[in-house]
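First up is the structure itself, then whatever we jot down about it.
The values are calculated or read from the model by the stated rules, or taken from the named source; none is laboratory data. Computed from a prediction, not measured in an experiment: that's the story for all the values here. Heads up, the Cβs are rebuilt from the backbone with ideal geometry, glycines too, and the neighbour counts pull from every protein chain shown. Only protein heavy atoms, including side chains, enter the accessible area calculation; ligands, DNA and RNA are left aside. Shrake-Rupley method; radii C 1.70, N 1.55, O 1.52, S 1.80 Å.
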4 protein chains.
Amino acid sequence: MRSPRDKVIITCAVTGNLTTPEQTPHLPITPEQIADACLGAADAGAAIVHIHVRDPQTGRPSMLLDHYADVVERIRARNPELILNITTGPGGRFVPSQDDPKVAAEGTTLMPPEKRVEHIAVLRPDICTLDLNTMNSGREVVINTPGNVRRMAKVIAEAGVKPEIELFDSGDIALMHDLLADSTLKGPVLCSFVMGVRYGFQPAPETVLYARNLLPQDAEFTAIGIGKAAFTTVAQSYLAGGHVRVGLEDSVYLSRGRLARSNAEMVTKARRIVEDLGGAIATVAEARKIVGLPGHSAVSAA
Amino acid sequence: MRSPRDKVIITCAVTGNLTTPEQTPHLPITPEQIADACLGAADAGAAIVHIHVRDPQTGRPSMLLDHYADVVERIRARNPELILNITTGPGGRFVPSQDDPKVAAEGTTLMPPEKRVEHIAVLRPDICTLDLNTMNSGREVVINTPGNVRRMAKVIAEAGVKPEIELFDSGDIALMHDLLADSTLKGPVLCSFVMGVRYGFQPAPETVLYARNLLPQDAEFTAIGIGKAAFTTVAQSYLAGGHVRVGLEDSVYLSRGRLARSNAEMVTKARRIVEDLGGAIATVAEARKIVGLPGHSAVSAA
Amino acid sequence: MRSPRDKVIITCAVTGNLTTPEQTPHLPITPEQIADACLGAADAGAAIVHIHVRDPQTGRPSMLLDHYADVVERIRARNPELILNITTGPGGRFVPSQDDPKVAAEGTTLMPPEKRVEHIAVLRPDICTLDLNTMNSGREVVINTPGNVRRMAKVIAEAGVKPEIELFDSGDIALMHDLLADSTLKGPVLCSFVMGVRYGFQPAPETVLYARNLLPQDAEFTAIGIGKAAFTTVAQSYLAGGHVRVGLEDSVYLSRGRLARSNAEMVTKARRIVEDLGGAIATVAEARKIVGLPGHSAVSAA
Amino acid sequence: MRSPRDKVIITCAVTGNLTTPEQTPHLPITPEQIADACLGAADAGAAIVHIHVRDPQTGRPSMLLDHYADVVERIRARNPELILNITTGPGGRFVPSQDDPKVAAEGTTLMPPEKRVEHIAVLRPDICTLDLNTMNSGREVVINTPGNVRRMAKVIAEAGVKPEIELFDSGDIALMHDLLADSTLKGPVLCSFVMGVRYGFQPAPETVLYARNLLPQDAEFTAIGIGKAAFTTVAQSYLAGGHVRVGLEDSVYLSRGRLARSNAEMVTKARRIVEDLGGAIATVAEARKIVGLPGHSAVSAA
């Protein structure tokens, strides 16, 4: 069994892909808002910020390089050390047609894997996500085939970026082992269990322990709770020896019925939970060491 | 915690979809061979036989109604009580194109859900499978959206057939709960954990216990081990309070390096394992009661 | 799997048996101090207080009825509804002699079981503990044989007092099942896992889940963490569907290196943890209902 | 998670302490019968035999050195390589008096720890057991204090004998860790979970997994099922990565209602279960390597 870690990394996922401006007025949308949210989260104790971008006009998810670059530049100008973790999730959705499910319907975003990591190759953040899931995700289907994941991992590795492996169910862990076995990934891996998506891992202490016991011994992991499981999962992840993540990507509530007014407020609460349970928050420098990143951000030198 | 059951149902999955004639010369292919395999399995102790059909010429998987009808008729002529469980799995594969993954490539079989259960509506077997998985399955993708599963379940319910819910990872169990909650399914459910497919549940005692603890209290379950996990899973399923399944669909080996010469031989071994561990094999009549089927086969009356 | 409860009972164990005045200057010792500690804990959110008494002169554990009566009276005078849970733990220690271990050495307190519950028969508190452990406890041995436990349970039942079953390792749960089976105990049981005593249950999320899954379905449970596990166990117990307990009996620290200044301070922290994780604290009235106690304290009517 | 081992050691516990001649006419009693039972078990596949002795007249447990020496000599004469594991369990029972539980009543066998290992110092078998339990055992109490266990371990270590650590509940594993930490024991430890004694570990797949996960990574373990759990535990132990043990010490039945006619018959069944699940039985030479014993028995040289 693993004990809780002495130093716990808080990641803040400030805006994500699925949260909508209709759900909360506090969602950061413009590059400036997203950068400010990241910096506020860092001030509250986050050592890693996880970044998606949005169309400033519509608030809808975007994959535009310019937006990513804008966010990165704004953060780097004010906090050159903060660990930047940029998504590669968009571009994986497939919506089967009602009449003929093998034909993509409106809403499909599924694209060639190399397209999904173009911004990573250019921006070279410290970390980027790599989703291993093919699953039902609400009414849509997410498709990440082993072949396409390998193609994305190749680009990521060539960019010198550390992948954070996102695991949505137990089979994804089996794929991660295969990717380690054929050297697509280099250990020790940094990975996350996303818990609470319909239909993947469901949040419970049992799930965190079961999933953790499937990992390689040297893996660093974070259990992420979606929706109302956001803060229970902070405790579960910490108690099982993991790191923690919160943010408006994962949940819009700070507590039952009360919207979080900012990402920083969510980080503050996650920090209090960890500290109440005897943990200490990792500084950015400590987090870089835990994750195996260089002491300085590669991006900051750009 | 659950104790082992007093009476354990053996299901034999005699041919399946993925096993190839190249893997074993003992694979039943023609309707006559498939029916004989079922009857032999029943003689060895199987109370349920799980049926796919194949093209008699090529040995490749088929969905032809005539083949299903032929198999059913041959079995019913000689063993009118045996519980027949017919697959609805075929028709769910999607192969993303290399260049443009949202476009279906060769090998795709994904079809409208009603098509996949046409033979069920006609033949009305005791049981048919209902797969809840959307996942990577080898190099291919299997797509069973919640919406399409509901459409299949509707046809199955109208045909008066008991669905056996096939669960390939933990998220599928969450979907099953939602299908129970909206009355798409009626409990107590009969379900299976398919363990060992790349990339779903991986076989281990922990997996059986974890998955079982996610089920409704009144569910009947079977853990199925694919490949080399076939017989270890027999023991794990029994020890965790479940039923068991073996057959050439799941594995071609009887033991390391030794091909099973028949489905009956696999049933005989599964039975020995269960009996060595203190269990007793359910007769067909006992199995009908456990599963909640009428005492006589609906099909036999046809 | 069980979800966290909506309403969580906090028990405060204000002084106990093993904590010494040398460990902390904040330990309540006199009946007045113990009563004040209970009332302060109640004000902070505890619905149940767990009471031992001490010799006011020496601070050492006592079993004197007068001290118990004094504490009870002082609490009842100011808070007639608070749920009183009085220990029956003292009187169970056996210290084997070095030369001849079957002969009791100095430090042995083991006494006839009826003696250990005399104060319960007289004072009739709402709840009293009933320890099911025979174990190594530090250098001493605690002996609670099944026969003697039954004798204590008989007195407790005749006094109309609800026993709280203290479970120190998994075998104690098996004994509890036997006591339920022969009607020595009446369900639903109220029970606790004491985790962190050398040599019993060791604190970990796995332990709470394993032990909980051994309980009858309708049992109410609290996982109690001794020493540095005090507050991690609050979270684990809550997350696994249990209630929580803290107090100077279990730990003298509020956080690493910082002594708790009062029992109330510990309750306040436990409450914050539970509320941060989405729970709500049970009032005394709610706790009476959960535990199955009459609406009014039997003692208060005396 | 651990996979099953390639090579599995079968231990046969041929007569034990608690089984009575009234329970089965097949119990070996005289040194000659006990030696014959060991040799028969070895022929059937056991690499280790676990030995108690009995009074040849009464069939009751004995601790007489002459009997042990007689058994060892008889075995060594015919099978010099077989691994001999001799008990040190007797001498640990304490029966509290009804009136005054701190006074030992009839039936008490508790004696100074050095007395309990005198035969080990003289005979120097390959292995001897070392019980870490203080617990209720039926109506009696077993007392093995940490201090007394250390005294026994010292004698065992000086005799050059490998201890097999017997663990009856989870707290015993915590004690084992402390004994490793202070070098009373040298790793890798060889240990056993005794499951099914009232009141210790209760047999279930969950128990084997929970207990195994508490062990040091390099430990070799065997889960032992007492009574009707004998053969289910063979499968559970194997599936969880452990070795197996059977014999008339643990159970008198081969299957429900059918007495085992010999220890060899029980070994044969355990072997079949392991082989049916894909395992192979360790030869004596392989078992010596796994356990860390010299290639030749120290005793055989005497």
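What does the charge dipole of segment D:72-199 about its Cα centre add up to, to the nearest 20 debye, if the Cβ of each Lys and Arg holds +1 and the Cβ of each Asp and Glu holds -1?
320
May I have the extent of the alpha carbons of chain B along their three principal axes, as whole Å values ordered from largest to smallest?
54, 44, 43
Whole-Hz Karplus ³J(HN,Hα) for segment D:273-284, in order, using 6.51 cos²θ - 1.76 cosθ + 1.60 and θ = phi - 60°, x for Gly and Pro?
4, 4, 5, 4, 8, x, x, 10, 7, 6, 6, 4
From the label point of D:GLU106, set 7 Å from Cα along Cα→Cβ, how far away are the matching label points in the other copies, in nm, ordered shortest to longest?
For D:GLU106, the other copies' label points sit at 3.5, 8.9, 9.2 nm, shortest first.
Give the long-range amide H neighbours of C:THR129: residues separated by 5 or more places, or on another chain, with amide H under 5 Å away, using H modelled in the peptide plane at 1.01 Å from N.
So C:THR129 has HN proximity to C:ILE86, C:THR87, C:THR88, C:GLU164.
Kindly write out, for segment B:136-142 in residue order, the coupling ³J(HN,Hα) from the Karplus curve 6.51 cos²θ - 1.76 cosθ + 1.60 (θ = phi - 60°), rounded to whole Hz, with x marking Gly and Pro.
My calculation for segment B:136-142 gives 6, 10, x, 7, 9, 10, 9 Hz in order.
Kindly provide the helix-only [θ] at 222 nm of chain D, computed as the sum of -39,500 (n - 2.57) over DSSP H runs of four or more divided by all residues, to the nearest 500 deg cm²/dmol?
After summing the helix terms and dividing by the residues of chain D, the value is -10000 deg cm²/dmol.
At 7 Å along Cα-to-Cβ for each site, give me the label-to-label distance between D:LYS289 and B:ARG139 in nm.
If labels sit at D:LYS289 and B:ARG139, their model points lie 4.0 nm apart.
For D:GLY241, what residues show an amide H to amide H distance below 5 Å, using hydrogens built from the backbone and excluding near sequence neighbours?
Excluding prolines and chain starts, which carry no amide H, the hits are D:ARG5.
With a Förster radius of 25 Å, plug the Cβ-Cβ distance of B:ASP6 and C:ASP182 into 1/(1 + (r/R0)^6) and report the FRET value to the nearest 0.05. Could you put the intermediate results ahead of the total?
Numbers: r = 24 Å, r/R0 = 0.97.
After rounding, the FRET efficiency stands at 0.55.
For segment A:173-276, build the charge dipole from Cβ charges (+1 Lys, Arg; -1 Asp, Glu) around the Cα centre, then report which of A:THR268, A:GLY196, A:THR207 sits farthest towards its positive end.
A:THR268
Let me spell out the model: positive unit charges on the Cβ of Lys and Arg, negative unit charges on the Cβ of Asp and Glu, origin at the Cα centre of chain B. What dipole size does that give, in debye rounded to 20?
Values: 31 positive and 34 negative charges, 91 e Å.
The calculated dipole for chain B is roughly 440 debye.
Multiply the residue separation of C:VAL103 and C:GLU118 by 0.36 nm, subtract the distance between their alpha-carbon atoms, and state the gained length in nm to one decimal. Please list the in-between numbers first.
Working: separation 15, 0.36 × 15 = 5.40 nm, distance 2.62 nm.
Contour length minus Cα-Cα distance gives 2.8 nm.
Using protein chains only (no ligands, no nucleic acids) and a 1.4 Å probe, work out which residues of segment A:114-145 have their accessible area cut by at least 50 Å² relative to the chain alone.
A:THR134, A:ASN136
Looking at segment D:115-216, which chymotrypsin sites (Phe, Trp or Tyr not before Pro) are DSSP coil and have at most 11 other C-beta atoms within 10 Å of their C-beta?
Details: sites: D:PHE168, D:PHE193, D:TYR199, D:PHE201, D:TYR210; in loops: D:PHE168, D:TYR199, D:PHE201.
Sparse-neighbourhood loop chymotrypsin sites (Phe, Trp or Tyr not before Pro): none present.
With the alpha-carbon atoms as the only input, what is the per residue convex hull volume for segment C:149-302 in Å³?
Values: hull volume 19.4 nm³, N = 154.
Cα convex hull per residue, to the nearest whole number: 126 Å³.
With a/c under 1.5 counting as rounded, go ahead and sort segment A:231-302 into rounded, prolate or oblate using the C-alpha gyration tensor (a ≥ b ≥ c being the square roots of the eigenvalues; past the cut-off, prolate if a/b is larger than b/c, else oblate).
oblate
Using the crude model of +1 on Lys and Arg Cβ and -1 on Asp and Glu Cβ, and no other charge, please compute the dipole size for the protein assembly as shown relative to its Cα centre, in debye to 20. Write out the running numbers ahead of the final one.
Details: 124 positive and 136 negative charges, 1 e Å.
That gives a dipole near 0 debye.
Using a probe radius of 1.4 Å on heavy atoms only, what accessible surface per residue do you get for the protein assembly as shown? Whole Å² is fine.
36
Just to check I understand the Karplus step: with θ = phi - 60° and J = 6.51 cos²θ - 1.76 cosθ + 1.60, what whole-Hz values come out for segment A:214-226, glycine and proline as x?
3J(HN,Hα) across segment A:214-226, in whole Hz: 8, 7, x, 4, 9, 5, 9, 9, 9, 8, 10, x, 8.
Using every pair of alpha-carbon atoms in segment A:1-141, split the distances into 10 Å bins beginning at 0 and state the percent of pairs per bin, rounded to integers.
11, 37, 33, 15, 4, 0
In Å, what is the Rg of the alpha-carbon atoms in segment C:1-54, and how long is Dmax?
When restricted to the Cα atoms of segment C:1-54, Rg and Dmax are 13.5, 44 Å.
Taking the Cβ-Cβ separation of B:THR20 and C:ARG150 as r and a Förster radius of 51 Å, what is the calculated FRET efficiency to the nearest 0.05?
Given R0 = 51 Å and the Cβ-Cβ separation, E is 0.20.
Computing the accessible area with a 1.4 Å probe over protein heavy atoms, can you report the carbon and sulfur percentage for chain C?
On chain C, the fraction of accessible area on carbon and sulfur atoms equals 52 percent.
Rounded to the nearest 0.05, what FRET efficiency do A:ALA69 and B:ASP55 have when you use their Cβ-Cβ distance and R0 = 56 Å?
After rounding, the FRET efficiency stands at 0.50.
Could you work out the relative contact order of chain C, using alpha carbon pairs under 8 angstrom and six or more residues apart, expressed as a whole percent?
24
Using alpha-carbon positions, what is the distance between the centroids of segment C:100-131 and segment B:201-241, in Å?
46
In nm, one decimal, shortest first: how far is the label point of D:ARG78 (7 Å from Cα along Cα to beta carbon) from the matching points in the other copies?
5.0, 7.9, 8.6
If the chain between C:GLU32 and C:ARG256 were fully stretched, how many nm would it gain, using 0.36 nm times the residue separation less the Cα-Cα distance?
Additional length available on full extension: 77.7 nm.
For B:ILE281, enumerate residues with amide H under 5 Å from its amide H, sequence gap 5+ or separate chain, H modeled in the peptide plane.
B:VAL8
Between copies, how close do the C:ARG258 label points come, placed 7 Å along Cα→Cβ, listed in nm from shortest?
For C:ARG258, the inter-copy label distances come out at 2.1, 6.7, 6.7 nm.
For the peptides D:22-29, B:110-117, what is the packing order when you average, over each peptide's residues, the other Cβ atoms within 10 Å and list the highest mean first?
B:110-117, D:22-29
Roughly what % antiparallel, to the nearest 5, for the DSSP beta bridges in the protein assembly as shown?
25
So which residues in segment C:169-189 end up with at least 30 square angstrom less accessible surface once the other protein chains are there, compared with the chain by itself, probe 1.4 angstrom?
By number: C:ASP169, C:SER170, C:GLY171, C:ALA174, C:ASP178.
Compute for chains D and B the buried accessible surface, both sides summed, probe 1.4 Å, and express it in Å² to the nearest 100.
Protein heavy atoms only, the D-B interface buries about 1800 Å².
Shape of the protein assembly as shown from its Cα gyration tensor (a ≥ b ≥ c, root eigenvalues): rounded if a/c is under 1.5, otherwise prolate when a/b > b/c, or oblate? Write out the running numbers ahead of the final one.
Numbers: a/c = 1.74, a/b = 1.17, b/c = 1.49.
Oblate is the answer for the protein assembly as shown, as a/c is 1.5 or above yet b/c matches or exceeds a/b.
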